[in-house]
1. Which numbered condition in (1) closer than 18 Å to ARG35 by Cβ; (2) in a strand (DSSP E or B); (3) more than 13 Å from the chain's Cα centre (by Cα) is the only one that PRO85 fails?
2. Return the total of residues in region 101-115 being loosely packed, with under 14 Cβ neighbours inside 10 Å and in a loop (DSSP other than H, G, I, E, B).
3. Looking at region 84-95, is at least one residue basic (Lys, Arg), surrounded by fewer than 14 Cβ atoms within 10 Å (Cβ to Cβ) and either over 30 Å from GLU150 (Cβ atoms) or modelled with pLDDT of 95 or more (or both)?
4. Go through (1) outside any strand (DSSP E or B); (2) farther than 15 Å from GLU128 by Cβ; (3) among the aliphatic types (A, V, I, L, M); (4) under 16 Å from the mean Cα position of the chain (by Cα) one by one and return the number of the condition VAL91 breaks.
5. Report whether or not ALA79 is buried (at least 16 other Cβ atoms within 10 Å of the Cβ) and within 18 Å of VAL45 (Cβ to Cβ).
6. Out of curiosity, is ALA61 surrounded by 13 or more Cβ atoms within 10 Å (Cβ to Cβ) and part of a strand (DSSP E or B)?
7. Regarding GLU73, is this residue under 12 Å from the mean Cα position of the chain (by Cα), of a type in the set (Asp, Glu) and within 17 Å of GLU39 (Cα to Cα)?
8. I'd like the residue in region 118-153 that is of a type in the set (D, E, K, R) and exposed (fewer than 12 other Cβ atoms within 10 Å of the Cβ) and, out of all such residues, is farthest from ALA47 (Cα to Cα).
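The values are calculated or read from the model by the stated rules, or taken from the named source; none is laboratory data. Worth saying up front: this structure is predicted, and the values here are computed from it rather than measured. Note that each Cβ is placed from the backbone with ideal geometry, even for glycine, and that neighbours are counted across all protein chains shown.
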Amino acid sequence: MSKHSSKRNSKPASKPAPKKTSEKTAAGLLERRPRIGLEATAERVVAPEHTIQVVNPNLPAVFSTPSMIGLMEHATVLAISSELPPGAISVGTRIEVDHLKAVGPGATVRAWARFVKYEGRFLVFDVEARSGEHLIGRGRVFRAIVHPGEHGARAQARAQQ
């Protein structure tokens, strides 16, 4: 951070106002940032509850897009979890994913995630989901590092508005 001064008025300089707790926490979360290049995989055997048919019985029993995205997000969490600041978690903020092929119950799906860059305070991951040799999904997942207590408190405050 750069320091600067203002000479707009002639009042003696006073102590800066104390930072809010959330500002202190946010600064602390940025002190220890996960390394770019971290990667991980997560695997699941498609069960009936992972299919779109659970939502609508008229649809085929194929691995649902929300289940695929959930597995991809889980891989992103695994990729960076060992390098998060103490007490911090990461939360999903944006998903850009194409679901390319269908697979049914019994198929094994492996999601892979690689942390590729920072965009401001957001972490960006390339992700893929495969079943055997078939690429069934790919895209990007964005996450942010947060303090769980403050994140939950802000969410509760919004729910009460």
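1. Every listed condition holds for PRO85 apart from (2).
2. The qualifying residues number 2.
3. The answer is yes; a qualifying residue exists.
4. The failed condition is (1).
5. Taking the combined requirement at face value, the residue does not satisfy it.
6. no
7. yes
8. Among residues in region 118-153 that are of a type in the set (D, E, K, R) and exposed (fewer than 12 other Cβ atoms within 10 Å of the Cβ), the one farthest from ALA47 (Cα to Cα) is GLU119.
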